[in-house]
1. Quick one: count up the residues across segment 124-148 that are within 24 Å of Thr233 (Cβ to Cβ) and either part of a strand (DSSP E or B) or modelled with pLDDT under 90 (or both).
2. Within segment 242-274, which residues are surrounded by 20 or more Cβ atoms within 10 Å (Cβ to Cβ) and touching a Lys or Arg at 6+ places or on another chain (Cβ under 7 Å)?
3. Farther than 30 Å from Asp211 by Cα and out of contact with any strand residue (DSSP E or B) (no Cβ under 7 Å at 6 or more places or on another chain): which single residue out of Asp155, Asp179, Asp164 fits that description?
4. Considering Thr64, Thr45, Thr53, Thr39, which residue is surrounded by fewer than 17 Cβ atoms within 10 Å (Cβ to Cβ) and either assigned by TED's automatic domain parsing to the domain that holds Phe183 or within 22 Å of the chain's Cα centre (by Cα) (or both)?
5. Which one of these does Thr230 not meet: (1) closer than 23 Å to Gln130 by Cβ; (2) in a loop (DSSP other than H, G, I, E, B); (3) not basic (Lys, Arg)?
6. Determine the pairs where a residue that is at positive phi, located within segment 136-151, has a partner that is modelled with pLDDT of 85 or more and surrounded by 10 or more Cβ atoms within 10 Å (Cβ to Cβ) with Cβ atoms under 9 Å apart, the partner being 6 or more residues away or on another chain.
7. Go through Val71, Val125 for me and flag whichever is more than 28 Å from Ala219 (Cα to Cα) and under 25 Å from the mean Cα position of the chain (by Cα).
8. Out of (1) crowded, with 20+ Cβ neighbours inside 10 Å; (2) part of a loop (DSSP other than H, G, I, E, B), what's the single condition that is false for Gly212?
Amino acid sequence: MRKFIVLFAALLLLGTAGQAQALEKLWGAVYDEYGNIRTDVDTVTVYTENTTTAATVYSDIDGTALTNPIVSGLTDGVFEFWSGTDEFDVLIKVGSRAVLLEDWSKTSNHRIIIPRGASVGKSIVFSPNQFIAVNVGETAVVPLTTTSNPRLSLDNGLVALEWDDGDESYVQVTFKVPDDYLFNGKFKILTDYDSGSDNPPIHFRVFVNGDGTVWDTAATAQTAVDPAGTAGTPELSTLTVATDFSSLAGGNIVTLQIARSNQDSSTADLEVYYVEFYYDAKN
């Protein structure tokens with residue numbers, strides 16, 4: 001009798017362990033605001049809950065590996081995956097729109113509405129007088145005046161930041177990333193130059209900090225942007241941040257520094273009229 005009880009207990013433990021590893025199917029269907037299935041779903045990314053780490057998911061109950069983000073089999077608006085985990089964060093991208101389903105599980109609503117039409121892009125705009133300056137040796141703060149270098153100037157009837165040829169001092173602005181930030185954070189910058197046929201390149205770098213974290217003091221220089229256009233004509237350029245924004249999240253504190261790059265033969269003054277941080281937001 002004792003042997004039977006021991007054997008039964010062992011089998012029970014094995015059964016419990018097997019249940020803990022059992023995979024279950026999770027799925028959702030994407031519709032527009034008119035009740036039509038969306039056949040234009042681009043990607044579905046399954047994240048470990050409350051993180052930006054792609055979770056391990058499977059394509060069937062047998063544990064066949066499934067690529068995550070999911071990019072295939074979405075033309076009918078339906079996505080599905082198998083997992084032994086109960087809850088995830090799921091990011092669904094459809095063209096210019098995106099929805100982040102937080103704490104999503106098999107008991108959540110499977111009918112997901114992503115309206116057509118307007119983009120979910122948002123932005124924060126910075127004017128020239130919101131910047132402060134740091135000298136070339138990065139040893140002192142330089143108040144922006146109409147006589148400093150770089151300086152506040154009046155060009156083309158508008159207030160601008162202006163650098164003379166050869167000056168590579170930074171100006172900077174610091175801001176909080178909005179809580180509805182989802183991904184794709186970039187900067188746009190409106191520039192011009194005063195003479196000649198070559199627009200001076202824009203050098204820039206960012207620092208990302210957060211509550212309770214070690215200060216980001218690494219000056220990671222981004223690839224300089226060389227605007228096109230001609231002197232006297234405004235040019236809107238995009239400043240794309242590389243690895244520094246790979247894990248950017250709402251609530252982070254970002255410092256953007258920009259300067260006139262002296263890396264090419266341009267001798268023109270650089271003028272900056274407008275800087276914008278734009279991003280895709282949660283619906």
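1. Total meeting the criteria: 2.
2. Gln257, Leu270, listed by residue number.
3. On the way: Asp155 fails: out of contact with any strand residue (DSSP E or B) (no Cβ under 7 Å at 6 or more places or on another chain); Asp179 fails: farther than 30 Å from Asp211 by Cα.
Answer to the selection: Asp164.
4. Values: Thr64 fails: either assigned by TED's automatic domain parsing to the domain that holds Phe183 or within 22 Å of the chain's Cα centre (by Cα) (or both); Thr45 fails: surrounded by fewer than 17 Cβ atoms within 10 Å (Cβ to Cβ); Thr39 fails: either assigned by TED's automatic domain parsing to the domain that holds Phe183 or within 22 Å of the chain's Cα centre (by Cα) (or both).
Only one candidate qualifies: Thr53.
5. Checking Thr230 against (1) closer than 23 Å to Gln130 by Cβ; (2) in a loop (DSSP other than H, G, I, E, B); (3) not basic (Lys, Arg), the one that fails is (1).
6. Partner pairs satisfying both residue conditions: Glu138/Ser169; Glu138/Tyr170.
7. Details: Val125 fails: more than 28 Å from Ala219 (Cα to Cα).
Only one candidate passes the filter, namely Val71.
8. The failed condition is (1).
The values are calculated or read from the model by the stated rules, or taken from the named source; none is laboratory data. All of these numbers come straight from a predicted model, not from anything done at the bench. Don't worry about glycine lacking a Cβ; one is built from the backbone with ideal geometry, like all the others, and counts go over all protein chains shown.
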